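Inspection log for the structure reproduced underneath, given as structure tokens.
The values are calculated or read from the model by the stated rules, or taken from the named source; none is laboratory data. Just so we're clear, the structure is a prediction, and the values are computed from it rather than from any experiment. Here the Cβ positions follow ideal geometry from the backbone for every residue, glycine too, while neighbour counts run over all protein chains shown.
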Amino acid sequence: MDIDSVRNVESRIAEIEERIARLSGEEPSAAASPGAFASRFAAALGSSADTGAGARYQDIIAEAASRYDLDPALIHAVMMCESGGRANAVSSAGAQGLMQLMPATARSLGVDNPFDPQQSIMGGARYLRSLLDRLGSADLAVAAYNAGPGAVEKYGGIPPYAETRNYVAAVMARWKGGER
């Protein structure tokens, strides 16, 4: 199963969970069950393509980690959950490259070509560092990477969106599990 298929399934599951919550009168966060799905999601992202992407971009990730004082495994986890290690990835929302930067965000980070692995990883790491500095913890920074810092601040934590909760769980599992 490729990354786009996994993301399509994940997105559809999130929509269904949110509908169920609304119909049953629950808060959307009550319907979010990141544990089981996130484990399957992280496992799917940990396919054989993972090893190649990790090795291919290891030097750039190490440089970005050093420059922005980040754990290289965290950068790798975000990259793999964002693009599956595909430099030419484009999301349905318009995010581009390995680190899936939105065009406006990429421009604000000085990224001229989000499909260039060096620029994408450096820009994504710079953005992740700014989110860590702003929000104070890795899980909140990862949530903001997915949903935006405004959503994290609005909810005073990880927003109650199933997609974001699943994403945070998948990145954290990959990072803490040391999956490469």
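Before moving on, here are some points about what is shown:
- Against the list (1) surrounded by fewer than 22 Cβ atoms within 10 Å (Cβ to Cβ); (2) closer than 20 Å to Tyr57 by Cβ; (3) modelled with pLDDT of 95 or more, the condition Gly157 fails is (2).
- The combined condition, being surrounded by 15 or more Cβ atoms within 10 Å (Cβ to Cβ) and under 30 Å from Ile13 (Cα atoms), is not fulfilled by Val111.
- Residue in the stretch 117-124 that is modelled with pLDDT of 95 or more and surrounded by fewer than 17 Cβ atoms within 10 Å (Cβ to Cβ) present: yes
- Taking the stretch 87-180 and the helices (runs of 4 or more DSSP H) fully enclosed by it, the elements with 1 or more residues that are within 12 Å of the chain's Cα centre (by Cα) and free of Cβ contacts under 8 Å to residues at least 24 places away in the same chain are at 138-147, 162-177.
- Which numbered condition Gly84 misses (of (1) in contact with a Leu (Cβ under 9 Å, 6 or more places away or on another chain); (2) at pLDDT below 95; (3) over 23 Å from Lys176 (Cβ atoms)): (3)
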